[in-house]
Amino acid sequence: MKLLSDQDRTFWHKNGYVVIPDVVPAANLTAVIDAIAEFTGKNLANPECWYQEPMVGGGMVNMNHNQALWDNRQAPKIHQAFAEIWDNQKLWVTYDRANMNPPTNQHWQHRGMIHWDLDMTVRPLELCVQGVLYLTDTAENQGGFQCVPKSHHQLRDWLKAQPADQFPKPEDIIRDCQPVSVSGRAGDLLIWHSGLLHGNGHNSSDQPRFAQYIGMQPEWTVRTAQGVTICDEQGRQDRINAWQNAPCQPFVAHTIGVAEGFVEQWLRQAVEKIDVVVEVEAVVAQPENGKAKVIIEAQQQSLEIVEQLSETTFRVPINYAGRKNLRYQKRLTDRATDVLRQIPAATFTLQLEPGDLTKFFQIIVEEQIWGVKEMAALINSEFGLNNQLTPAQLSPLGRRLVGIDGWDTAASESQST
Ligand SMILES: O=C(O)CCC(=O)C(=O)O
């Protein structure tokens, strides 16, 4: 039986989003909320704890691989909903995170946001779909999903009407339309078109908003800031490795006695501070506000910079250089090493002797180890602790959604991974 009625389809095409109720059992929803509590180390029964670190912009919880998340990703009804949207069963799932947006107060002043998860300078933009699972009943004023209905059509019309070197900003599309906050019941799955201006709202209620993001797109493709892009065999292996190596992060957290979210925050902030040196052909205008107007490969570009190093060389964040495919000369890790030295303080029992902990941190700073997989290997080789954790359990459907088993092969043929 179809999940989406004709009315749902009409609504989807017109407005750019659709809500499908009751996609997973209630126990799956509370399991994700419990996982958020464990990942962040917060006692959710105590409102004061809602605002403790780790806090990420928009209420994002950068947890990607907990079993509870995987149980929803591989829920048959969720797969069916995306299959009906794509008119294609053969899908791969994204490893999206969760969200906890607490009521606004002096500690948390999230006003709400509206954006696209797309790099609007890319042409052609291959649009995708995204999804969010409501983990609790969510009122209109509770900081949940909001969007500008129909804005995917307005975006398409804008792109058609403008020359290819013009890039839309949300204001160009919103004009006088107001974002609409979409209330929902626990267990609702909302799927939205990536061309839709969307975000989440300001929470003026007295309860946090909890959600899990889930997306699916045809196999052998991935959702990126460039839209849906083709994925090669290396990309498939990277997907499998990300699932398989996921227990390294909780293992490192357990070893140093902190909640996993602190390890994620610590290492993300360190990596964000790795820079590279980019040489440009000429500078068009004096750099200001972290931006420079420069000529690269005979084209004028706006370059995000950390510092100007000489007349034609700039220090640029490595993540930015990667996204923009900029060629660079060398890496600079001094800012990142300063962050690596700021070890999260243990709040649980450490698995290492205090002397070994000091040694562990000396090694990671000296050897510039940024990744949890490498840290887990070091903990094992240097201190003899074993990572006992196993990756999330996958059903036959889950294995296909990761790309371990092909959609055209019987799942039972390749159960060995
Ligand atoms: O929190 C939400 O529902 C929207 C999330 C969002 O804006 C995004 O994932 O890009």
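Being within 15 Å of the ligand (Cβ to nearest atom), over 25 Å from Val23 (Cβ atoms) and at pLDDT 95 or above is a description that applies to Trp108. One residue stands out among those in region 205-241 that are within 16 Å of the ligand (Cβ to nearest atom), assigned to a loop (DSSP other than H, G, I, E, B) and not aliphatic (A, V, I, L, M): the one that is nearest to Gln154 (Cα to Cα), which is Gln226.
Is it true that Arg123 is more than 16 Å from the ligand (Cβ to nearest atom), over 19 Å from the mean Cα position of the chain (by Cα) and basic (Lys, Arg)? When the stated conditions are applied, Arg123 passes them. Filtering Val372, Val402 for residues that are touching a Cys at 6+ places or on another chain (Cβ under 6 Å) and either modelled with pLDDT of 95 or more or among the small types (Gly, Ala, Ser) (or both) leaves a single hit, Val372.
Of all residues being of a type in the set (S, T, N, Q) and within 14 Å of the ligand (Cβ to nearest atom) in region 137-154, which is surrounded by the most Cβ atoms within 10 Å (Cβ to Cβ)? Just the residue, please.
We begin by selecting, within region 137-154, every residue of a type in the set (S, T, N, Q); these are 138, 141-142, 146, 151, 154.
Still in the running and within 14 Å of the ligand (Cβ to nearest atom): 138, 142, 146, 151.
Numbers: Thr138: 29, Gln142: 24, Gln146: 20, Ser151: 25.
Here the answer is Thr138.
Please name all residue pairs, on different chains or six or more residues apart, with Cβ atoms under 6 Å, provided the first residue is in region 322-335 and is under 25 Å from Ala225 (Cβ atoms) and the second residue is part of a loop (DSSP other than H, G, I, E, B) and among the hydrophobic types (A, V, I, L, M, F, W, C). From residues that are under 25 Å from Ala225 (Cβ atoms), the pairs are Thr333/Ile274. Within region 53-77, being buried (at least 20 other Cβ atoms within 10 Å of the Cβ) and either without any contact (Cβ under 8 Å) to a residue 12 or more places away in the chain or within 16 Å of the ligand (Cβ to nearest atom) (or both) holds for Gly59, Val61, Met63, Leu69, Asn72, Arg73.
Looking at region 346-361, can you tell me whether even one residue there is within 30 Å of Thr224 (Cα to Cα), exposed (fewer than 15 other Cβ atoms within 10 Å of the Cβ) and within 29 Å of the chain's Cα centre (by Cα)? No, every residue in region 346-361 fails to be within 30 Å of Thr224 (Cα to Cα), exposed (fewer than 15 other Cβ atoms within 10 Å of the Cβ) and within 29 Å of the chain's Cα centre (by Cα).
Against the numbered list (1) in contact (Cβ under 8 Å) with a residue 12 or more places away in the chain; (2) surrounded by fewer than 16 Cβ atoms within 10 Å (Cβ to Cβ), Val93 comes up short only at (2). If only residues of region 74-117 that are in a loop (DSSP other than H, G, I, E, B) and aliphatic (A, V, I, L, M) are counted, the one that is farthest from the chain's Cα centre (by Cα) is Ala75.
The values are calculated or read from the model by the stated rules, or taken from the named source; none is laboratory data. It should be emphasised that the depicted structure is a prediction, and the values quoted were computed from it without experimental measurement. Every residue, glycine as well, gets a Cβ built from its backbone with ideal geometry; the counts of neighbours run over all protein chains shown.
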